[in-house]
Amino acid sequence: MEKLNNEAILNLIQGAFPNDVLFHEEPYGLLTMEVTAAKGHEIIEWLKNHETLSVNYLTNIAAVHYPEDAGREFAVVYQLHSWKNLFRLRIKCYLPKENVSIASLVDIFPGANWMERESYDFFGVEFIGHPDMRRILNEDSMDYFPMRKEYALEDDTREDKDDRYFGRNNQ
Amino acid sequence: MMSELKTKEAFAQSSETIDGNIATINFGPTHPSTHGIFQNVLKVDGEKIISSEQTVGYIHRAFEKLSERRPYNQITPITDRLNYCSSPINNMGWEMTVEKLIGAEIPKRVQYMRVIIMELARIADHLICNSVIGVDAGALTSFFYPFTEREKIYELYEEICGARLTTNIGRIGGFERDFTPAFHTKLQSFLKTFPKAFEEFDSMLARNRIFMDRTKGAGPISAERALAYSFSGPNLRATGVDYDVRAMHPYSSYEDFDFIIPVGVNGDTYDRFMVRQEEIRQSVRIIEQAYKNLPEGSYKADLPDFYLPEKADVYNNMEALIYHFKIVMGETEIPPGEVYHSVEGGNGELGFYLISDGGRTPYRLQFRRPCFIYYQAYPEMISGMSISDAVLTLSSMNVIAGELDA
């Protein structure tokens with residue numbers, strides 16, 4: 001079978017979802033697409049069941065916080081892998097801070113369960129349809145999402161330390 | 001053997017109850033047989049597990065958050081503490097991720113040196129896991145035998161980087177020094193004595209009647225379920241799926257070596273054990289090939305902006321001192337970009353998803369930790385098993401607390 005290249009993969013996806021691939025690039029050879037958040041679930045399910053593409057493996061889910069980017073403060077990044085065709089694929093969905101929620105993938109990939117719980121725990125991304133949307137690594141009573149950029153690692157109000165020379169106070 | 005499989009299966013499927021009372025017990029968080037801090041709340045009917053629920057996060061250390069405040073070369077020691085049974089693989093996976101981001105070209109010699117060390121780490125990792133399965137099945141001797149060999153591997157680490165468990169081995173761009181003469185002597189003697197010592201260990205368990213009875217059929221998972229749960233590494237291969245990052249997406253010149261990817265059939269504890277045993281043999285083969293064909297050349301890439309200069313130069317040469325200062329302070333130019341790199345860790349696909357915005361620290365770094373992903377299948381795997389099988393399943397999955405909680 002002929003090896004699929006990124007362009008062919010992209011054409012197939014764009015053919016099926018003409019209005020939903022908002023942006024695409026290939027950093028370091030890995031096809032990366034931004035898709036509309038509402039269609040993320042549908043596209044991934046389509047990719048998994050597609051006869052030729054057969055994207056059968058969910059590698060990873062990561063959330064990212066871009067506080068400066070108005071209207072698209074949160075990104076949920078899915079890394080997918082097709083073993084039949086040996087290509088990786090990255091799908092991104094951007095979410096506004098007013099409504100940080102996206103459809104859960106647990107019905108397609110049961111392994112998404114804890115990955116999504118981790119994203120919820122650290123970024124507060126709600127996964128709709130998730131069977132057990134709770135914190136996972138942090139304590140249940142925690143009332144903030146620690147990986148968001150507004151929580152700096154060190155306490156900025158500390159006055160006993162002067163570490164300008166280490167490049168730390170000039171963020 | 002079939003009879004034993006049937007007994008375990010029949011036990012799982014029988015609806016007969018011991019006394020009809022469902023008891024709730026805590027398996028962990030601190031219990032000698034959990035080898036780390038894992039809590040499982042089990043609902044049991046006599047010996048039989050009806051359902052279970054894990055609690056994770058006991059040693060969560062916020063590595064991803066920490067990484068957002070640290071320059072790139074200071075993140076290597078963080079990766080040590082993921083799967084601490086095979087830290088060199090984590091270190092080198094991270095170094096390769098950064099090298100991919102900056103587009104560095106790595107000399108062949110460095111790649112082969114890395115392969116040797118990563119395979120040594122894989123042997124050490126699998127030895128611990130498999131000897132611990134022995135302990136949980138009641139054979140303490142099999143725990144002590146391989147420790148002599150593991151010690152030799154740790155001595156080899158020491159020759160390279162001075163550390164043993166949390167190695168912080170290598171640098172972005174290569175190694176701080178070439179293999180020392182002592183390393184060569186020790187590696188040659190290791191390659192000579194290890195296979196025999198390993199077969200001795202293997203003969204204690206692999207065809208041991210008691211061990212087989214205990215492990216066959218304990219904690220099985222099918223290939224379909226394992227894939228759905230995004231399993232990787234030996235646990236996936238034990239179900240019969242031959243996915244290995246070293247072969248599918250070769251990094252660090254793995255395509256140069258001839259090795260077999262062993263697979264199991266039933267995905268149970270015995271298959272996981274056997275897959276790891278065979279992987280150790282294959283790792284020895286890879287080390288032999290890499291060592292025999294170790295190319296001449298430099299032990300470091302030409303990356304003055306990232307690679308710390310030689311100590312002798314730092315003391316005598318102004319330029320080197322400046323570079324040393326800049327690198328230690330994290331004042332190097334990092335290109336903005338987004339990169340995913342994965343290596344075959346001791347437990348499976350260990351991935352690094354790195355987003356750089358051009359600053360001195362990563363904008364976002366996420367570790368794809370194989371343990372974290374496959375441990376969620378544990379309740380499904382032990383459902384219907386007895387408590388003693390749950391213990392064996394946990395140790396044969398090689399769940400490492402450091403990698404689970406990050």
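The modelled label-to-label distance for the pair B:S189/B:L165, using points 7 Å beyond Cα in the direction of Cβ, is 2.5 nm. Site-free segments of chain A were taken between trypsin sites (Lys or Arg not before Pro) in DSSP loops having at most 11 other Cβ atoms within 10 Å, sites themselves excluded; the longest one is A:4-133.
Rounded to the nearest 10 degrees, the inclination of helix A:112-123 to the longest alpha-carbon principal axis of chain A is 30 degrees.
From the alpha carbon gyration tensor of the stretch B:167-244, can you work out the equivalent ellipsoid semi-axes (sqrt of 5 times each eigenvalue) and give them in Å, largest to smallest? Mind showing how you got there, number by number?
On the way: eigenvalues 245, 115, 15 Å².
The three semi-axes for the stretch B:167-244 are 35, 24, 9 Å.
A Förster radius of 35 Å, combined with the Cβ-Cβ distance separating B:N21 from A:S101, puts the computed FRET efficiency at roughly 0.25. If only the Cβ of Lys and Arg carry +1 and only the Cβ of Asp and Glu carry -1, the dipole of chain B around its Cα centre is close to 380 debye.
Each Cα pair under 8 Å and six or more residues apart adds its sequence gap; the mean of these over the residue count of chain B is a relative contact order of 26 percent.
Within 10 Å of each residue's Cβ, count the other Cβ atoms and sort B:E319, B:E344 from fewest upward.
Details: B:E319 11, B:E344 28.
Lowest count first: B:E319, B:E344.
One Cα centroid belongs to the stretch B:131-163, the other to the stretch B:80-101; the line between them spans 21 Å.
If you wrap the stretch B:52-168's Cα atoms in a convex hull and average its projection over all directions, what's the area in nm²? For the Cα atoms of the stretch B:52-168, the hull's average projected area reads 9.6 nm². Every Cα-Cα pair in the stretch A:1-55 was counted, and those over 16 Å apart are 41% of them.
Just to confirm the filter: which GluC sites (Glu not before Pro) across the stretch A:61-141 are DSSP coil and have at most 16 other Cβ within 10 angstrom of their Cβ? Hits after loop and neighbour filter: A:E68, A:E98, A:E139. Each of B:V328, B:F259, B:G170 was scored by the projection of its Cα onto the charge dipole of the protein assembly as shown, and the greatest displacement toward the positive side belongs to B:F259; charges sit on the C-beta of Lys, Arg, Asp and Glu. Placing dummy labels 7 Å off each Cα toward the beta-carbon, the span from A:E139 to A:L10 is 4.8 nm.
Length gained on full extension, B:Q74 to B:V328: 90.6 nm, using 0.36 nm per residue less the C-alpha separation. Please state the shape class of chain B: rounded when a/c is under 1.5, otherwise prolate if a/b exceeds b/c and oblate if not, all from the C-alpha gyration tensor. Judged from the Cα gyration tensor, chain B comes out prolate (a/c at least 1.5, a/b above b/c).
Note on B:L66 and B:D242: with the Förster distance fixed at 35 Å, the Cβ-Cβ geometry gives a FRET efficiency of about 0.45.
Cβ-Cβ distance of B:A312 and A:F17, R₀ of 45 Å, FRET efficiency by 1/(1 + (r/R0)^6): the value works out to about 0.15.
Counting other Cβ atoms within 10 Å of each Cβ, which GluC sites (Glu not before Pro) in the stretch B:42-74 have at most 15 and sit in a DSSP loop? For GluC sites (Glu not before Pro) across the stretch B:42-74 that sit outside H, G, I, E and B with at most 15 neighbouring Cβ atoms in 10 Å, the list reads B:E47. Charge dipole (Cα centre; +1 on Lys/Arg Cβ, -1 on Asp/Glu Cβ; no other charges) of the protein assembly as shown amounts to roughly 1020 debye.
Multiplying the residue separation of B:V265 and B:S388 by 0.36 nm and removing their Cα-Cα distance gives an extension gain of 42.1 nm. Listed by chain and number, the lysines whose alpha-carbon sits under 20 Å from that of B:K192, ignoring those within fewer than 8 places in the same chain, are B:K152, B:K292. Charged side chains reduced to their Cβ positions (Lys and Arg at +1, Asp and Glu at -1) give the stretch B:21-125 a dipole of some 260 debye around its Cα centre. Relative to the longest principal axis of the Cα atoms of chain A, helix A:40-49 runs at roughly 40 degrees.
Near the amide H of A:V125, within less than 5 Å, lie the amide hydrogens of A:Y120, all on another chain or at least 5 residues away, with H placed in the peptide plane. Residues of the stretch B:202-222 falling in the label zone of B:F11, defined by backbone nitrogen less than 14 Å from a point 7 Å along Cα to beta-carbon, are B:210-220.
Distant-in-sequence amide contacts of B:A238, defined by a placed amide H-H separation under 5 Å and a gap of 5 or more residues or a different chain, comprise B:G264. Using every pair of separate Cα atoms, the Kirkwood estimate puts the hydrodynamic radius of chain A at 17.7 angstrom.
Relative to the longest principal axis of the Cα atoms of chain B, the long axis of helix B:141-161 makes an angle of roughly 10 degrees. The stretch A:47-103 and the stretch A:1-43 have Cα centres lying 11 Å from one another.
Just so you know, all these numbers are worked out from the coordinates, no wet-lab data involved. All of these numbers come straight from a predicted model, not from anything done at the bench. Cβ sites come from the backbone with ideal geometry, for glycine too, and all protein chains shown count toward neighbours.
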